[in-house]
1. Sequence-distant or interchain residues sharing an amide H contact under 5 Å with Asn107, placed H: which?
2. Per residue of the range 129-136, in order, report the coupling 6.51 cos²θ - 1.76 cosθ + 1.60 (Karplus, θ = phi - 60°) as ³J(HN,Hα) in whole Hz, putting x for Gly and Pro.
3. If I compute solvent accessible area with a 1.4 Å probe over the protein chains, what percent of it on the range 37-170 is carbon and sulfur?
4. Sort the following peptides by mean Cβ neighbour count (other Cβ atoms within 10 Å, averaged over residues), highest first: 57-66, 110-119.
5. Sorting check: for 33-39, 72-78, which peptide has the highest mean count of neighbouring beta carbons within 10 Å, and how do the rest follow?
6. Is the range 54-97 rounded, prolate or oblate when judged by the Cα gyration tensor, a ≥ b ≥ c being the square roots of its eigenvalues, rounded requiring a/c under 1.5 and prolate requiring a/b larger than b/c?
7. For Ser83, which sequence-distant residues (separation of 5 or more, or a different chain) have an amide H within less than 5 Å of its own amide H, given hydrogens modelled in the peptide plane?
Amino acid sequence: MDKFKRLLAKGGIALSFTLAFIIALASCATSAEKAKRASETARQVQEQVAAETFKIKVDYMYPQRYPSRPIMSDFWLEMKEGSVNSYLPYFGQVQMPSAYSIDEGLNFETPIKNFVKQRNDRKHRTEIQFNAKSPDDYYLYTIYIYDDGKADISVSSNRRDAIRFSGELE
C-alpha cells in the first residue's frame with residue numbers, strides 16, 4: 001500500500017490518465033459487443049417474423065378492468081403455417097357467456113384470417129394483426145414484436161373485455 005501511495009505522489013496525474021484511458025478502452029469494447037449482440041438478436045427476430053413462425057412466452061398480463069399481474073405459469077402464443085395456437089390466461093369480464101364454453105381462458109388452436117404484417121423501422125418493431133375464431137368467440141389479435149425479442153399481445157373479442165400481455169420470443 002505504501003508503494004502505491006508513493007507512486008501516486010510521484011506520478012499521480014499520469015497514472016490517473018492511464019487508468020482512465022484503460023477503463024475507456026474497456027467500455028468501448030463492451031459497447032461494441034453489446035451492439036453486435038443486439039444486431040444479431042434483431043436479425044434472428046426478423047427472420048422468425050418474416051417466416052411467420054414464432055412462439056411468444058408471456059410473463060405479464062394487463063386486464064382491462066383489473067390491476068396488472070405477473071404470470072407464474074407457462075403460457076404462450078404460437079404462430080405457424082397460417083394458424084395460431086393460443087394458450088393464454090384470461091382475467092376479465094365476460095359480457096355474454098357462450099352456452100358451449102367452459103371458459104378456460106384463451107386456449108385454442110385455429111386457422112387465422114385477415115392476416116396483416118407491417119414493419120415500423122422507426123420504432124424497431126413489427127406489427128401483426130389477425131382474426132381467430134374459437135368454438136365460442138371471435139378474436140382480434142394485435143402483436144407487436146420488437147427487435148430485442150420483446151413482444152406485446154392485445155386480444156379483443158365480441159364477448160369479453162380486452163386484455164393485453166407482454167413477453168418474449170422463444
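1. Leu88
2. 9, 7, 9, 9, 10, 9, x, 10
3. Details: 3690 of 7690 Å².
Result for the range 37-170: 48 percent of the exposed heavy-atom area is carbon or sulfur.
4. Working: 57-66: 15.5, 110-119: 12.7.
Order by mean packing, descending: 57-66, 110-119.
5. Numbers: 33-39: 10.7, 72-78: 13.7.
In descending order of packing, they fall as 72-78, 33-39.
6. Numbers: a/c = 3.00, a/b = 1.45, b/c = 2.07.
Cα axes put the range 54-97 in the oblate bin.
7. Excluding prolines and chain starts, which carry no amide H, the hits are Ile112.
The values are calculated or read from the model by the stated rules, or taken from the named source; none is laboratory data. This is a predicted model, so every value here is computed, not measured. So basically every Cβ, Gly included, is an ideal-geometry build from the backbone, and we count neighbours across all protein chains shown. Side chains are part of the model used for accessible areas, which takes the heavy atoms of the whole protein and leaves out ligands, DNA and RNA. Shrake-Rupley method; radii C 1.70, N 1.55, O 1.52, S 1.80 Å.
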